[in-house]
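Structure record follows, encoded as C-alpha coordinates.
The values are calculated or read from the model by the stated rules, or taken from the named source; none is laboratory data. Since this is a predicted model, take the numbers as computed values, not measurements. Note that each Cβ is placed from the backbone with ideal geometry, even for glycine, and that neighbours are counted across all protein chains shown.
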Amino acid sequence: MSEYVITAPAAPSVAVAGSQARFPVRRVFCVGRNYAAHAREMGSDPNREPPFFFTKPADAVVPASGAVPYPPATQDLHHEIELVVALGGGGSNVDPANALDLVWGYGVGIDLTRRDLQAVAKDSGRPWDMAKGFDASAPCSALHPVSAVGHPADARIWLEVNGELKQEGNLNEMIWPVADVIASLSRLVTLAPGDLIYSGTPSGVAALKPGDRVRGGVDGVEVFELQIA
Ligand code: MN
(Lines give C-alpha, C1' and ligand atoms only; values in the text may rest on other atoms or scores of the structure.)
Protein backbone atom coordinates (compact mmCIF):
# COMPACT_ATOMS: atom_id res chain seq x y z
CA MET A 1 0.00 0.00 0.00
CA SER A 2 1.44 3.35 -1.03
CA GLU A 3 1.69 6.29 1.31
CA TYR A 4 1.70 10.00 0.58
CA VAL A 5 4.59 12.23 1.60
CA ILE A 6 2.14 14.77 3.05
CA THR A 7 -1.38 14.32 4.42
CA ALA A 8 -3.65 13.76 1.44
CA PRO A 9 -6.11 16.64 0.87
CA ALA A 10 -9.77 15.94 1.58
CA ALA A 11 -11.85 15.00 -1.47
CA PRO A 12 -14.30 17.83 -2.31
CA SER A 13 -17.96 16.84 -2.20
CA VAL A 14 -21.48 18.26 -2.31
CA ALA A 15 -24.46 17.48 -0.08
CA VAL A 16 -27.28 15.36 -1.48
CA ALA A 17 -30.76 16.52 -0.50
CA GLY A 18 -32.48 14.22 1.98
CA SER A 19 -29.47 11.99 2.41
CA GLN A 20 -26.35 11.61 4.53
CA ALA A 21 -24.48 10.46 1.41
CA ARG A 22 -22.48 13.04 -0.52
CA PHE A 23 -21.64 13.59 -4.18
CA PRO A 24 -17.87 13.49 -4.79
CA VAL A 25 -16.55 16.26 -7.03
CA ARG A 26 -13.99 15.36 -9.70
CA ARG A 27 -13.85 18.43 -11.94
CA VAL A 28 -15.82 21.66 -12.28
CA PHE A 29 -16.63 22.94 -15.76
CA CYS A 30 -18.45 26.18 -16.52
CA VAL A 31 -20.17 27.37 -19.68
CA GLY A 32 -19.58 30.94 -20.80
CA ARG A 33 -22.52 32.94 -22.18
CA ASN A 34 -25.34 30.42 -22.41
CA TYR A 35 -28.23 32.87 -22.19
CA ALA A 36 -28.63 35.44 -24.98
CA ALA A 37 -29.50 38.36 -22.71
CA HIS A 38 -26.39 37.78 -20.56
CA ALA A 39 -24.20 37.47 -23.67
CA ARG A 40 -25.53 40.85 -24.79
CA GLU A 41 -24.94 42.48 -21.38
CA MET A 42 -21.31 41.26 -21.58
CA GLY A 43 -20.91 42.79 -25.04
CA SER A 44 -21.15 39.70 -27.26
CA ASP A 45 -23.36 38.60 -30.12
CA PRO A 46 -25.18 35.51 -28.80
CA ASN A 47 -25.91 34.28 -32.30
CA ARG A 48 -22.34 34.15 -33.51
CA GLU A 49 -20.43 32.34 -30.79
CA PRO A 50 -20.38 28.60 -30.08
CA PRO A 51 -20.29 27.56 -26.40
CA PHE A 52 -16.97 27.91 -24.64
CA PHE A 53 -15.83 26.50 -21.36
CA PHE A 54 -13.61 27.31 -18.43
CA THR A 55 -12.89 25.43 -15.23
CA LYS A 56 -12.69 25.97 -11.50
CA PRO A 57 -10.75 23.83 -9.05
CA ALA A 58 -12.85 21.06 -7.46
CA ASP A 59 -12.18 22.54 -4.01
CA ALA A 60 -13.70 25.88 -5.09
CA VAL A 61 -17.05 24.16 -4.51
CA VAL A 62 -18.50 25.18 -1.12
CA PRO A 63 -22.01 24.90 0.34
CA ALA A 64 -24.42 27.62 -0.86
CA SER A 65 -25.44 28.22 2.73
CA GLY A 66 -24.11 29.98 5.79
CA ALA A 67 -21.22 32.37 5.20
CA VAL A 68 -19.30 32.53 1.93
CA PRO A 69 -16.12 34.63 2.13
CA TYR A 70 -15.64 37.83 0.12
CA PRO A 71 -12.44 37.02 -1.80
CA PRO A 72 -9.26 39.10 -1.82
CA ALA A 73 -7.93 41.12 -4.75
CA THR A 74 -11.23 42.42 -6.10
CA GLN A 75 -13.45 45.48 -5.88
CA ASP A 76 -16.12 43.94 -8.11
CA LEU A 77 -17.29 40.48 -7.05
CA HIS A 78 -20.22 39.43 -9.27
CA HIS A 79 -22.94 36.83 -8.78
CA GLU A 80 -23.92 34.48 -11.63
CA ILE A 81 -26.79 32.14 -10.70
CA GLU A 82 -26.54 28.84 -12.60
CA LEU A 83 -28.15 25.42 -12.88
CA VAL A 84 -25.50 22.89 -11.79
CA VAL A 85 -25.42 19.57 -13.62
CA ALA A 86 -23.87 16.64 -11.69
CA LEU A 87 -22.62 13.76 -13.81
CA GLY A 88 -22.94 10.15 -12.70
CA GLY A 89 -21.59 8.82 -15.97
CA GLY A 90 -18.92 9.84 -18.42
CA GLY A 91 -17.43 9.47 -21.84
CA SER A 92 -16.13 11.33 -24.84
CA ASN A 93 -17.81 12.30 -28.11
CA VAL A 94 -21.19 11.82 -26.46
CA ASP A 95 -24.20 11.94 -28.78
CA PRO A 96 -26.56 14.76 -27.71
CA ALA A 97 -29.43 12.25 -27.91
CA ASN A 98 -27.79 10.19 -25.13
CA ALA A 99 -26.14 12.99 -23.16
CA LEU A 100 -28.78 13.31 -20.46
CA ASP A 101 -28.21 9.64 -19.57
CA LEU A 102 -24.92 10.78 -17.98
CA VAL A 103 -26.65 13.12 -15.52
CA TRP A 104 -26.95 11.97 -11.91
CA GLY A 105 -28.76 15.05 -10.69
CA TYR A 106 -29.07 18.81 -10.47
CA GLY A 107 -28.40 21.63 -8.06
CA VAL A 108 -28.17 25.41 -8.10
CA GLY A 109 -24.96 27.34 -7.71
CA ILE A 110 -23.25 30.66 -8.15
CA ASP A 111 -20.33 31.16 -10.52
CA LEU A 112 -18.72 33.88 -8.40
CA THR A 113 -16.56 36.11 -10.57
CA ARG A 114 -13.95 38.76 -9.83
CA ARG A 115 -15.26 40.89 -12.72
CA ASP A 116 -12.47 43.45 -12.49
CA LEU A 117 -9.79 40.78 -12.84
CA GLN A 118 -11.77 39.20 -15.69
CA ALA A 119 -11.87 42.54 -17.52
CA VAL A 120 -8.09 42.87 -17.24
CA ALA A 121 -7.65 39.29 -18.45
CA LYS A 122 -9.95 39.88 -21.43
CA ASP A 123 -8.20 43.13 -22.37
CA SER A 124 -4.74 41.62 -22.15
CA GLY A 125 -5.54 38.20 -23.62
CA ARG A 126 -4.60 36.46 -20.36
CA PRO A 127 -6.27 33.41 -18.75
CA TRP A 128 -9.44 33.81 -16.67
CA ASP A 129 -8.31 31.45 -13.90
CA MET A 130 -7.77 34.05 -11.19
CA ALA A 131 -11.04 35.82 -12.14
CA LYS A 132 -13.10 32.63 -11.97
CA GLY A 133 -11.24 29.93 -10.06
CA PHE A 134 -10.48 31.48 -6.68
CA ASP A 135 -11.17 29.90 -3.28
CA ALA A 136 -14.89 29.32 -2.59
CA SER A 137 -15.80 30.65 -6.05
CA ALA A 138 -18.37 27.91 -6.71
CA PRO A 139 -21.07 27.82 -4.00
CA CYS A 140 -23.43 24.92 -4.73
CA SER A 141 -26.75 23.88 -3.19
CA ALA A 142 -27.57 20.35 -2.20
CA LEU A 143 -28.02 18.12 -5.25
CA HIS A 144 -31.23 16.35 -6.22
CA PRO A 145 -31.18 13.13 -8.22
CA VAL A 146 -32.85 12.90 -11.61
CA SER A 147 -35.23 10.40 -10.05
CA ALA A 148 -36.61 13.26 -7.93
CA VAL A 149 -36.47 16.32 -10.20
CA GLY A 150 -36.26 14.90 -13.73
CA HIS A 151 -34.31 16.96 -16.27
CA PRO A 152 -35.41 20.56 -15.63
CA ALA A 153 -35.56 22.45 -18.93
CA ASP A 154 -38.45 24.89 -18.50
CA ALA A 155 -38.13 26.48 -15.09
CA ARG A 156 -37.50 29.91 -13.62
CA ILE A 157 -33.91 30.59 -12.49
CA TRP A 158 -33.50 33.59 -10.23
CA LEU A 159 -31.32 35.35 -7.66
CA GLU A 160 -32.13 37.96 -5.03
CA VAL A 161 -29.72 40.16 -3.07
CA ASN A 162 -31.06 41.55 0.22
CA GLY A 163 -34.58 40.70 -0.94
CA GLU A 164 -34.25 42.51 -4.29
CA LEU A 165 -34.60 40.44 -7.47
CA LYS A 166 -31.38 40.81 -9.49
CA GLN A 167 -31.37 37.92 -11.95
CA GLU A 168 -34.34 36.17 -13.50
CA GLY A 169 -34.57 33.93 -16.52
CA ASN A 170 -35.83 30.55 -17.62
CA LEU A 171 -33.83 27.42 -18.37
CA ASN A 172 -35.64 27.32 -21.72
CA GLU A 173 -33.63 30.40 -22.73
CA MET A 174 -30.34 28.48 -22.77
CA ILE A 175 -28.62 28.89 -26.13
CA TRP A 176 -27.12 25.42 -25.61
CA PRO A 177 -29.42 23.13 -23.58
CA VAL A 178 -27.85 20.77 -21.06
CA ALA A 179 -27.65 17.85 -23.51
CA ASP A 180 -25.81 20.01 -26.04
CA VAL A 181 -23.48 21.35 -23.34
CA ILE A 182 -22.53 17.82 -22.27
CA ALA A 183 -22.06 16.65 -25.88
CA SER A 184 -19.99 19.70 -26.77
CA LEU A 185 -17.79 19.47 -23.67
CA SER A 186 -17.24 15.74 -24.26
CA ARG A 187 -15.59 16.55 -27.57
CA LEU A 188 -12.97 18.56 -25.69
CA VAL A 189 -12.34 16.37 -22.63
CA THR A 190 -13.35 12.92 -21.41
CA LEU A 191 -16.13 13.41 -18.89
CA ALA A 192 -16.38 11.19 -15.82
CA PRO A 193 -18.62 10.57 -12.81
CA GLY A 194 -18.20 13.37 -10.28
CA ASP A 195 -17.91 16.14 -12.85
CA LEU A 196 -20.03 19.25 -12.22
CA ILE A 197 -21.09 21.59 -14.99
CA TYR A 198 -22.19 25.14 -14.18
CA SER A 199 -24.42 25.74 -17.16
CA GLY A 200 -24.35 29.51 -17.61
CA THR A 201 -26.22 32.48 -16.17
CA PRO A 202 -29.15 34.66 -17.23
CA SER A 203 -28.81 38.43 -17.38
CA GLY A 204 -28.68 40.73 -14.38
CA VAL A 205 -25.22 39.93 -13.02
CA ALA A 206 -24.09 42.57 -10.53
CA ALA A 207 -21.72 43.27 -7.68
CA LEU A 208 -21.92 41.78 -4.19
CA LYS A 209 -20.53 43.33 -1.03
CA PRO A 210 -19.72 41.91 2.40
CA GLY A 211 -22.88 41.36 4.43
CA ASP A 212 -25.16 40.83 1.43
CA ARG A 213 -27.82 38.16 1.86
CA VAL A 214 -28.14 36.13 -1.33
CA ARG A 215 -31.06 33.84 -2.19
CA GLY A 216 -31.22 31.94 -5.42
CA GLY A 217 -32.94 29.02 -7.00
CA VAL A 218 -34.31 27.09 -9.88
CA ASP A 219 -38.03 26.46 -9.42
CA GLY A 220 -38.66 22.75 -8.93
CA VAL A 221 -35.01 22.01 -8.08
CA GLU A 222 -33.74 23.90 -5.03
CA VAL A 223 -33.57 27.27 -3.28
CA PHE A 224 -30.47 28.32 -1.34
CA GLU A 225 -29.64 31.22 0.96
CA LEU A 226 -26.19 32.42 1.98
CA GLN A 227 -24.47 35.54 3.25
CA ILE A 228 -21.29 37.14 1.88
CA ALA A 229 -18.93 37.35 4.84
MN1 MN B 1 -21.00 31.82 -15.40
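What the table shows:
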| quantity | calculated |
| --- | --- |
| Residues (over 15 Å from the mean Cα position of the chain (by Cα) and more than 16 Å from the ligand (Cβ to nearest atom)) located in region 179-202 | 179, 180, 183, 186, 187, 188, 189, 190, 191, 192, 193 |
| Tally, over region 46-72, of residues that are of a type in the set (Phe, Trp, Tyr), surrounded by 16 or more Cβ atoms within 10 Å (Cβ to Cβ) and within 27 Å of residue 172 (Cα to Cα) | 1 |
| Flag for residue 196 being surrounded by 19 or more Cβ atoms within 10 Å (Cβ to Cβ) and within 17 Å of residue 61 (Cα to Cα) | yes |
| Unique match (being within 16 Å of the ligand (Cβ to nearest atom) and in a strand (DSSP E or B)) among 205, 214 | 214 |
| Selection count, region 89-103, where residues are more than 11 Å from residue 191 (Cβ to Cβ) and in contact (Cβ under 8 Å) with a residue 12 or more places away in the chain | 5 |
| Test: residue in region 42-60 that is more than 16 Å from the ligand (Cβ to nearest atom) and hydrophobic (A, V, I, L, M, F, W, C) | yes |
| Close pairs from region 108-125: first within 25 Å of residue 158 (Cβ to Cβ), partner of a type in the set (Ser, Thr, Tyr) and part of a strand (DSSP E or B), Cβ under 9 Å, at least 6 apart | 109/198; 110/198; 111/198 |
| Selection count, region 79-102, where residues are away from the ligand (no atom under 16 Å from the Cβ) and not in a helix (DSSP H, G or I) | 10 |
| Any hit, region 78-101, residues being among the hydroxyl-bearing types (Ser, Thr, Tyr), at pLDDT 95 or above and farther than 19 Å from residue 193 by Cα | no |
| Flag for residue 3 being modelled with pLDDT under 95, over 20 Å from residue 146 (Cβ atoms), more than 16 Å from the ligand (Cβ to nearest atom) and not small (Gly, Ala, Ser) | yes |
| Residue under evaluation residue 43, criteria (1) over 27 Å from residue 161 (Cα atoms); (2) surrounded by fewer than 16 Cβ atoms within 10 Å (Cβ to Cβ), criterion not met | (1) |
| Selection within region 24-39 - near the ligand (Cβ under 10 Å from one of its atoms) and not in a loop (DSSP other than H, G, I, E, B) | 30, 31, 32, 35, 38 |
